[in-house]
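Since every read-out is calculated from the coordinates, none of them should be taken as a lab result. From a predicted model like this one, the values you see are computed outputs, not experimental measurements. No Cβ is skipped: glycine too gets one built from the backbone with ideal geometry, and neighbour counts run over all protein chains shown.
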Amino acid sequence: MIIQDLLSEVAAVFTSLATAVPALALYVGIILLFFVVWSFVRRMLTPKSDYTSLKTVTFGDESTVVSNTAASIISVVFIFALWGAFTGSKLMPGFLHVPGPFVGEGEFTYTLEAEDGSQDEATVTVLVHEAGSAPDLPEIEEGDGAAKNDVIAVQSYRSKLLLWDGNDEITREEGAKIVAIDGGPIGRGVAASTAVGRVALTDKGTLNIQPDTGMQMESIWLPSPESVWEKLVTISRDGYQNVTLAEHLSYSLFRVIVGFLLGAAVGIPLGYAMGLSDWFRGWFDPIVEFMRPVPPLALIPLVIIWAGIGEQGKIILLFLAALWIMAIGARSGVSGVKISKIHAAYSLGASKTQIMRHVIIPNSLPEIFTAARVAMGVCWGTVVAAELVAAEKGIGKMIVAASKFQDTDIVIMGIVLIGIIGFGIDVLMRMMEKTLVPWKGKG
Amino acid sequence: MSSGLQIDNISMRFDLPNGGSVQALKDVSLDLKAGELMSVLGPSGCGKTTLLNIVAGFLAPTGGKIVLNGHDVQGPDAERGMVFQQGALFEWMSVRDNVRFGPDMKGMAKSESSQIVDHLLDVVGLQDFKEKMVYELSGGMQQRVALARCLANEPDVILMDEPLGALDALTREKMQSLVLKLWKETGKTIILITHSVEEALLLGERLLVMAPRPGRIHKEYRLPFADLGVGQDLREVKKHPEFGERREEILGMIWDMEEEIMGRSEGADA
């Protein structure tokens, strides 16, 4: 039973993936296109003659594959270009936009046939307007014949039913029906495409007008880059739901830093004890090895039950997220010390305390820094998730609240900020690593 | 009180997890006078590193004892310095701090230890590299630092475990001259383990050939080459007729031992 369900799920996933294949193929094509263009441009520029450029074997030589800065820049610019093109961004010229939704006035005609077989044509003027504006309907001439001209306003991305016989001389009850749209024959349940968009004849004989949506995304799905930027500006000035952006961010960062520091303060001594004593190793190995693979997110429910949704609970959670990582890092830092270094220190007359202070601790620092980098990353991910579940303040709380009001621009802004801060933390940790443990990997 | 190093009837036997046991050393006795330089050769598994670790105090023998200057050796101590093959320097310290490590641990004043460091770095030719981190140095330079670090502590005995094993041939030759020079200038007792027969002949005033299973002394030589080599081009020493003779003799001896080991293990397999 389960297997059948899972298989059908897999099939569904593959089906939807299959629809993405043409888009992915196009994307790869664009990457290659830029590559060809860039190769050509580079040849125009000064040819390189450093050592690497003289290598004839480059395929498979890892040292020749350094990240191409041009490709990175184009890649990022291209993402923003795609974003702008599909949201009709005002930051880029209109000809780069993909076709947008139809806005403005358009017309189509319908042909009415009475029971006696006589036909008459009428024009429908459709006024498609953007959300939020309610335009005045223009005055139109009713025209002559049995069918009278209609006018209707439709909000873009929405559809509307037109009761066309409201003003006609014969109505549906009297046997009138539409037999053609824009001169093309049509039946019930069939749609025709017109200058305005899709016009369908419903089963009940009314007209369903769905203006052309184009290929752009509605801002509720994907807001334009500038509106995300504007939100960033207004929210960092006015705050969101009475909490400033700085407050949201500093709450999240505060939790991460306090949780991480507590985790390190307990985890590092624990790791040292495990690395230096077989008794402690034996005692804590089962605990650490069991807790390490438990994702911190799985602990959220228990932490909420035990400590509630306040700061304490979150800090306990982040403490647990950092603790095992730091303990394992410190443990392997201690275990990784070469025995010849320890022997050398002993035969140079060092005491146990001196060996701890001058050999074991400095030798373990690179591993501890690596662990700290991982732990900070995990803590950052965990704090956002924990705030999604329950919090009063915090960047995660901000985006989950925004999503409830469908403030997609705030959600996207929050995600981008979370990404930037996570990246910033990693860069900062790497810089600290470089200045504080320059001997990393040189032993 | 007798001076010098006595290795008195040392045996080393330990159990294996599978229930068997290994006799790594059996009844090894040696008497080194202060200031003697002895090189130790032998096929792998003959227990020469085990012997060195026992003398250093890192291992407790199951029989016999080590006596240095009249007292029993109980554990590692600054009186017995070690020079390892590689990777025993503290890469988080500069060259100067590595050399100063021993005096620092004793709590010697910085002014005093700085003099020792300057002098020793002069001797090993690294005065200009004092402030560098050790990982910025080449392998040969790192071994010079290791020698200086060991000497800074004024040990009575220096134990060298293949100190030049990882160096290229040219650097190795230079370092061999340096070891001889340091030996003559400082008058230390040195035990040097090596895999190279030439190095053992060049540096060993006494040369010990050990045999495996159980590890024991196979043959001992007293050689003139170390004295000849002090202040002389070592390539000249190698031209000495006795040098070639001894080299062939010892190589043959070790070859025979290796072949015996191979034969025995093949026999065991069959």
By how many degrees, between 0 and 90 and to the nearest 10, does the Cα long axis of helix A:395-404 differ from the longest principal axis of chain A? 20
Only Lys, Arg, Asp and Glu count, each charged at its Cβ (+1, +1, -1, -1), so figure out the dipole size of the protein assembly as shown about its Cα centre, rounded to 20 debye. 4040
Apply the Karplus curve 6.51 cos²θ - 1.76 cosθ + 1.60, θ = phi - 60°, to the phi angles in the range B:243-253 and return the couplings in whole Hz, x for Gly and Pro. 4, x, 4, 4, 4, 4, 4, 6, 4, x, 4
To the nearest 0.05, how large is the calculated FRET efficiency for residue A:430 and residue A:173 if R₀ is 51 Å and r is the Cβ-Cβ distance? 0.10
Residues with amide H under 5 Å from that of residue A:338, placed H, sequence gap 5 or more: none
FRET efficiency estimate (nearest 0.05) - Cβ-Cβ, residue B:262 to residue B:169, R0 30 angstrom: 0.65
Rounded if a/c is under 1.5, else prolate if a/b is larger than b/c, else oblate: which is the range B:93-155, with a ≥ b ≥ c the root eigenvalues of its Cα gyration tensor? prolate
Furthest towards positive pole of dipole, B:178, A:416, A:68, structure part the protein assembly as shown, Cβ charges: B:178
In debye, nearest 20: dipole of the range B:93-155 around its Cα centre with unit charges on the Cβ of K, R (+) and D, E (-)? 120
With residue A:309 itself left out, Lys, Arg at +1 and Asp, Glu at -1 over residues whose Cβ is under 11 Å from its Cβ give -1
Calculated over the protein assembly as shown: convex hull of Cα atoms, volume per residue (Å³): 309
Check residue A:150: other-chain or 5+ apart residues with amide H under 5 Å from its amide H, H built from backbone geometry? A:123, A:124, A:125
Could you pull out every residue, at least 5 positions away or on a different chain, whose amide H is within less than 5 Å of the one on residue A:197? Hs are placed 1.01 Å off N in the peptide plane, and Pro or chain starts have none. A:212
In a Gaussian network model of chain B with springs linking alpha carbons closer than 10 Å, the residue among B:251, B:170, B:30 that fluctuates most is B:170
Arrange the following residues from fewest to most other Cβ atoms within 10 Å of their Cβ: A:38, A:83. A:38, A:83
Residue exposure sequence - A:379, B:150 - by fewest surrounding Cβ within 10 Å: A:379, B:150
If I take R0 = 35 Å and measure r between the Cβ atoms of residue A:297 and residue A:226 in this structure, what FRET efficiency does the formula 1/(1 + (r/R0)^6) give, to the nearest 0.05? 0.55
Theoretical ellipticity at 222 nm over the protein assembly as shown - DSSP helices of four or more residues, -39500 (n - 2.57) apiece, nearest 500: -16000 deg cm²/dmol
Here the net charge surrounding residue B:12, from other residues whose Cβ is less than 15 Å away from its Cβ (Lys, Arg +1; Asp, Glu -1), is +3
Restrict the search to the range B:59-162; then list the GluC sites (Glu not before Pro) that DSSP places in a loop and that have at most 15 other Cβ atoms within 10 Å of their Cβ. B:131
Expressed as a whole-number percentage, the relative contact order of the range B:112-183 with C-alpha contacts under 8 angstrom and at least six residues apart is 33
Using only atoms on other chains, find how many Cβ atoms lie within 10 Å of each Cβ of peptide B:79-90 and report the average. 5
Relative to the first principal axis of the alpha-carbon coordinates of chain A, what is the inclination of helix A:278-291, with its axis defined by its Cα atoms, in degrees from 0 to 90 and to the nearest 10? 0
Just going by the charge dipole of the range B:93-155, with Lys and Arg at +1 and Asp and Glu at -1 on Cβ, which of B:152, B:105, B:95 is farthest out on the positive end? B:105
Does the range B:117-210 classify as rounded, prolate or oblate by the C-alpha gyration tensor (a ≥ b ≥ c root eigenvalues; a/c under 1.5 gives rounded; else a/b over b/c gives prolate, otherwise oblate)? oblate
Scoring only Lys, Arg, Asp and Glu (+1, +1, -1, -1) among other residues with Cβ under 12 Å from the Cβ of residue A:234 yields -2
How many Cβ atoms of partner chains, on average, are near each residue of B:54-63 if near means within 10 Å of its Cβ? 1
Pull up the DSSP beta bridges for the protein assembly as shown and report the antiparallel fraction as a percent, rounded to 5. 70
Give the average, rounded to an integer, of partner chain Cβ atoms located within 10 angstrom of each Cβ in B:98-109. 3
In whole Hz and in residue order, list the ³J(HN,Hα) couplings for the range A:199-213 that follow from phi through the Karplus curve 6.51 cos²θ - 1.76 cosθ + 1.60, θ = phi - 60°; x for Gly and Pro. 10, 10, 9, 6, 5, 8, x, 8, 9, 9, 9, 10, x, 4, 8
Degrees separating the helix A:311-335 axis from the principal Cα axis of chain A, which is the longest one: 50
From the residues A:368, A:251, A:297, which one has its Cα farthest along the dipole of the range A:226-436 in the positive direction, the dipole being from +1 and -1 charges on Cβ of Lys/Arg and Asp/Glu about the Cα centre? A:368
Neighbouring Cβ atoms within 10 Å as the yardstick, rank A:367, B:245, A:139 fewest first. A:139, B:245, A:367
When you count, for each residue, the other Cβ atoms within 10 Å and take the mean per peptide, how do A:73-79, A:229-235 rank with the highest first? A:229-235, A:73-79
